[in-house]
1. Which condition does residue 76 not pass, out of (1) surrounded by fewer than 24 Cβ atoms within 10 Å (Cβ to Cβ); (2) in contact (Cβ under 8 Å) with a residue 24 or more places away in the chain; (3) within 16 Å of the ligand (Cβ to nearest atom), if it passes all the others?
2. For residues in the range 34-55 being under 15 Å from residue 3 (Cβ atoms) and without any contact (Cβ under 8 Å) to a residue 40 or more places away in the chain, which is nearest to the ligand (Cβ to nearest atom)?
3. Hey, any hits in the range 99-122 for a residue that's more than 15 Å from the ligand (Cβ to nearest atom), more than 17 Å from the chain's Cα centre (by Cα), more than 22 Å from residue 198 (Cβ to Cβ) and crowded, with 17+ Cβ neighbours inside 10 Å?
4. Residues in the range 149-166 that are more than 16 Å from the ligand (Cβ to nearest atom) and under 19 Å from residue 113 (Cα atoms): how many?
5. So, in the range 20-32, how many residues would count as being within 9 Å of residue 4 (Cβ to Cβ) and either free of Cβ contacts under 8 Å to residues at least 12 places away in the same chain or touching a helix residue (DSSP H, G or I) at 6+ places or on another chain (Cβ under 8 Å) (or both)?
6. Going through the range 79-90 one residue at a time, which ones are more than 12 Å from the ligand (Cβ to nearest atom) and either touching a helix residue (DSSP H, G or I) at 6+ places or on another chain (Cβ under 6 Å) or within 20 Å of residue 152 (Cα to Cα) (or both)?
7. Got a sec? Which strands (runs of 3 or more DSSP E) wholly within the range 136-242 have at least 3 residues that are farther than 18 Å from residue 108 by Cα?
8. Tell me the residue from 186, 242 that is crowded, with 17+ Cβ neighbours inside 10 Å, at pLDDT 95 or above and closer than 24 Å to residue 146 by Cα, please.
Ligand code: ZN
């Protein structure tokens, strides 16, 4: 089977369309989304509608739930909070209803969550090896070998081997038996690893390979829409930096 997994679209329709074109070319058996369709960008409704059309197996992100009052946004950074409030104000009832239906985990041999498999409702971040420790522990308990996440907007591959946790050089990895993997698929609509191109991931269960891929899109167009919408300028500017 061939799966496409993507995450953190963040209302960036231009980036999303570029990734969806790649997905159409990849012809996967199924698509998974690690959440955060909305927040930050200018096209929340359009991104929700595109998601409903492709109908991936999807989980909620903190911005999805934050926009419909299901997650606390008190700890959001000020720009993120401004964007969530703007999003909440512009979404229609239908779109809000859809965001409210999203759950926290998907399982299909592998696991899909937004932030961490350990207490996914807390949307904890996995940046480094220490953050990954409770996540791998939870995977051990759940007999789960591979988990796909987003949330940090920085793609990467973490692996656990006999109790040792380390970073695997990305963009690709061949899965080995006895090891566990946490794959951060990066962000479609707001990458923060210094590469402004949209990020997504292919998981091929026949070859047992995972590959993170990138695709360029019309950043300027997405930025202009954000400026016109009155969204914080910082959020528009960071798109060209990928930071
Ligand atoms: Zn996000």
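1. All conditions pass for residue 76, except number (2).
2. Applying the filter and picking the extreme gives 54.
3. No, the range 99-122 contains no residue that is more than 15 Å from the ligand (Cβ to nearest atom), more than 17 Å from the chain's Cα centre (by Cα), more than 22 Å from residue 198 (Cβ to Cβ) and crowded, with 17+ Cβ neighbours inside 10 Å.
4. 4
5. Count: 2.
6. 79, 81, 82, 87
7. Per the criteria, 156-161, 164-168, 172-174, 198-204, 209-215.
8. Testing whether each residue is crowded, with 17+ Cβ neighbours inside 10 Å, at pLDDT 95 or above and closer than 24 Å to residue 146 by Cα leaves just 186.
The values are calculated or read from the model by the stated rules, or taken from the named source; none is laboratory data. No experiment lies behind these values; they were computed from the predicted model shown. Heads up, the Cβs are rebuilt from the backbone with ideal geometry, glycines too, and the neighbour counts pull from every protein chain shown.
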